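Quick notes on the structure that follows.
The values are calculated or read from the model by the stated rules, or taken from the named source; none is laboratory data. Treat the numbers as computed from the prediction; the structure is a model and nothing was measured. Counting neighbours? That spans all protein chains shown, and the Cβs are built from the backbone with ideal geometry, glycine included.
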Amino acid sequence: MRQNPSFAMTDVTELRRVIDQNPWMTLVAKTDAGLVASHYAVLLDEDREDLTIVGHVGRPDDTILELGESELLVIVQGPHGYISPAWYGDGPNVPTWNFVSVHLSGVPEILSPEENLVVLDRLVRRFESARADPRYLWELPNDAHFVRGLERGTVGFRLAPTKVVAKRKLSQNRPDDVVDEIILQLERGGGGYGDPRLPAEMRRAHETLRAARGTR
C-alpha cells in the first residue's frame with residue numbers, strides 16, 4: 001500500500017480500535033506455489049497491548065499458506081466508500097475512494113492445541129455475545145469431544161507484526177466546508193457505494209484535526 005504522510009496512521013490506540021472493529025481480515029502469503037489469500041475472523045491478542053493478533057485457519061489452509069514458515073500479510077479493511085466529485089463544489093475534480101486500512105506483516109507463531117481452543121472460544125464469544133440467546137463453544141449441544149474435534153480441524157496462530165503500514169484517507173486534504181459536505185452526502189446514502197460507518201469515521205478524524213488546529 002502506497003503511503004502518504006498526510007494519511008498515515010501511527011497511533012497504536014487508534015490502530016487497535018480499527019483492528020478490533022473490523023475482525024474479518026484477508027491473509028496473504030507468498031509461497032513456493034505463488035501468492036495465496038484466505039479470509040478469516042481475527043482478533044487482537046487480549047494479553048498484549050500492542051498490535052499482536054490471534055486467529056485460526058482451517059486445515060489445509062495452514063499448508064497452503066505455509067503458516068509459520070513464511071511471512072504473512074494480514075489486511076484489515078476499515079470503513080470505505082466512493083466520493084463523488086460533485087461533492088467538492090463547482091470546479092474541476094475527479095472522484096476518489098475514502099478508506100481506512102491496516103497492513104500487518106510478520107511470520108506467525110503456531111499456537112498449541114490448548115491455546116487454539118482459547119482463541120476459538122474467544123471468537124465464538126465475540127460474535128455470539130451480540131445475540132439475545134448466544135450459543136457459546138463449550139455449551140450444549142456441543143460437548144468436549146465435539147469441541148476438541150473441531151480444534152483438530154484448525155490451526156491457531158499469533159502474529160506479532162514486524163511491519164505495520166496503516167492509512168486513513170478521509171479527505172484530510174480538503175477544506176473543512178468540503179469535508180462537512182462529503183460527510184452530509186455520505187449520511188444521505190452516498191450513492192449506495194459506501195460503508196454506513198464511513199461518515200462517523202470521517203467526523204472522528206476531522207474533529208481530531210480541527211482540535212489540533214484550534215478550530216471547530
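In the set Asn98, Asn93, only one residue is surrounded by 20 or more Cβ atoms within 10 Å (Cβ to Cβ), touching a helix residue (DSSP H, G or I) at 6+ places or on another chain (Cβ under 8 Å), of a type in the set (S, T, N, Q) and over 23 Å from Gly34 (Cα atoms); that residue is Asn98. Is it the case that some residue within the range 11-20 is out of contact with any Cys (no Cβ under 9 Å at 6 or more places or on another chain), part of a loop (DSSP other than H, G, I, E, B) and of a type outside the set (Lys, Arg)? Looking through the range 11-20, at least one residue is out of contact with any Cys (no Cβ under 9 Å at 6 or more places or on another chain), part of a loop (DSSP other than H, G, I, E, B) and of a type outside the set (Lys, Arg).
Across the range 22-60, the qualifying residues are those that are touching a residue at least 60 places away in the same chain (Cβ under 8 Å) and not in a loop (DSSP other than H, G, I, E, B), and the one among them that is nearest to Gly106 (Cα to Cα) is Ile53.
Screening Arg174 with (1) part of a loop (DSSP other than H, G, I, E, B); (2) closer than 27 Å to His39 by Cβ; (3) in contact with a helix residue (DSSP H, G or I) (Cβ under 8 Å, 6 or more places away or on another chain) gives one miss only, at (2). Across the range 172-204, the number of residues qualifying as out of contact with any strand residue (DSSP E or B) (no Cβ under 6 Å at 6 or more places or on another chain) and within 28 Å of Leu104 (Cα to Cα) comes to 8.
One line per residue, one yes/no per condition, for (1) under 15 Å from Asp45 (Cβ atoms); (2) out of contact with any strand residue (DSSP E or B) (no Cβ under 6 Å at 6 or more places or on another chain); (3) of a type in the set (A, V, I, L, M):
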{"residue": "Val76", "(1), (2), (3)": "yes, no, yes"}
{"residue": "Ile83", "(1), (2), (3)": "no, no, yes"}
{"residue": "Asp90", "(1), (2), (3)": "no, yes, no"}
{"residue": "Val94", "(1), (2), (3)": "no, yes, yes"}
{"residue": "Asn98", "(1), (2), (3)": "no, no, no"}
{"residue": "Glu114", "(1), (2), (3)": "no, yes, no"}
{"residue": "Ala144", "(1), (2), (3)": "no, yes, yes"}
{"residue": "Thr154", "(1), (2), (3)": "no, no, no"}
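Take the conditions small (Gly, Ala, Ser), part of a loop (DSSP other than H, G, I, E, B) and either crowded, with 18+ Cβ neighbours inside 10 Å or modelled with pLDDT of 95 or more (or both) and apply them to Ala132. Does it pass? So that I can check it myself, show each step before the final result.
Details: small (Gly, Ala, Ser): yes; part of a loop (DSSP other than H, G, I, E, B): yes; either crowded, with 18+ Cβ neighbours inside 10 Å or modelled with pLDDT of 95 or more (or both): yes.
The answer is yes for Ala132.
Do you know which of the residues in the range 179-195 that are within 9 Å of Gly81 (Cβ to Cβ) and not charged (D, E, K, R) is surrounded by the fewest Cβ atoms within 10 Å (Cβ to Cβ)?
Ranking the qualifying residues of the range 179-195, first place goes to Tyr193.
Scanning the range 177-186 for residues that are under 11 Å from His206 (Cβ atoms) and either touching a residue at least 60 places away in the same chain (Cβ under 8 Å) or touching a helix residue (DSSP H, G or I) at 6+ places or on another chain (Cβ under 6 Å) (or both) gives Val178, Val179, Ile182, Ile183.
When you check Glu66 against the structure, is it surrounded by 13 or more Cβ atoms within 10 Å (Cβ to Cβ) and more than 30 Å from Gly190 (Cβ to Cβ), yes or no? Yes: the conditions hold for Glu66.
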